[in-house]
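Enquirer: Take this structure first; my questions come after.
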Amino acid sequence: MSFHNSSSAADITEVEKRRMNDMPGLDIDERDRDLLQRQRELEDLDGNTKVNWEMIKKLTVCGVAFLNDAYDMFAINIVAMILGFVYYHDAEGAAQNTVPKKWDTLIKIAVQIGCLL
């Protein structure tokens with residue numbers, strides 16, 4: 001499929017001419033004809049595309065992965081607090097029940113790297 005087919009003024013429909021003429025100061029010859037060709041090809045793709053089982057499976061897998069990554073990024077703050085209560089409950093002062101800053105940062109960076117992979 002080529003997006004750079006040459007199109008002449010005869011290829012432009014009356015509706016497209018009216019749309020272009022609604023823009024003051026612009027002549028049809030000044031408009032990008034490739035844009036109209038791309039629009040026509042995308043409309044053809046929309047008309048010819050049929051939903052099949054493979055497409056449904058791919059969309060489902062992508063959707064689940066996206067929601068899982070979003071949940072991981074949301075929940076890691078709560079998990080870091082829980083880790084602080086479980087493993088650092090015997091610390092003294094302000095450090096009690098909190099994960100040390102360097103470990104907290106490493107945990108959150110690991111989640112971001114995991115989302116990228």
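The values are calculated or read from the model by the stated rules, or taken from the named source; none is laboratory data. Note that the structure is a prediction, hence the values are computed from the model and not measured. Protein only, heavy atoms only, side chains kept; ligands, DNA and RNA dropped before computing areas. Shrake-Rupley method; radii C 1.70, N 1.55, O 1.52, S 1.80 Å.
Enquirer: How big is the accessible area of PHE74 in square angstrom, nearest 10, if you roll a 1.4 angstrom probe over the protein chains?
Expert: Number for this one is 130 Å².
Enquirer: Once fully extended, how much extra length lies between VAL51 and ALA95, figured as 0.36 nm per residue of separation less the alpha-carbon to alpha-carbon distance? Can you show the working numbers first?
Expert: Values: separation 44, 0.36 × 44 = 15.84 nm, distance 5.57 nm.
Separation in residues times 0.36 nm, less the Cα-Cα distance, equals 10.3 nm.
Enquirer: Per the Kirkwood treatment, what hydrodynamic radius in Å, one decimal, follows for segment 33-117 from the mean inverse distance over all distinct Cα pairs?
Expert: 16.9
Enquirer: Across 10 Å bins from the origin, how do the percents of Cα pairs in segment 77-117 run, short distances first?
Expert: Result returned by the calculation: 31, 47, 18, 4.
Enquirer: Could you compute how much accessible surface ILE113 exposes when probed at 1.4 Å, giving the result in Å² to the nearest 10?
Expert: Accessible area of ILE113: about 90 Å².
Enquirer: Not counting ligands, DNA or RNA, and with a 1.4 Å probe, what is THR98's accessible surface area in Å² rounded to the nearest 10?
Expert: 60
Enquirer: Mind listing the long-range amide H neighbours of ALA91? Cut-off is under 5 Å, sequence gap 5 or more, other chains count too, H placed in the peptide plane at 1.01 Å from N.
Expert: ASN97
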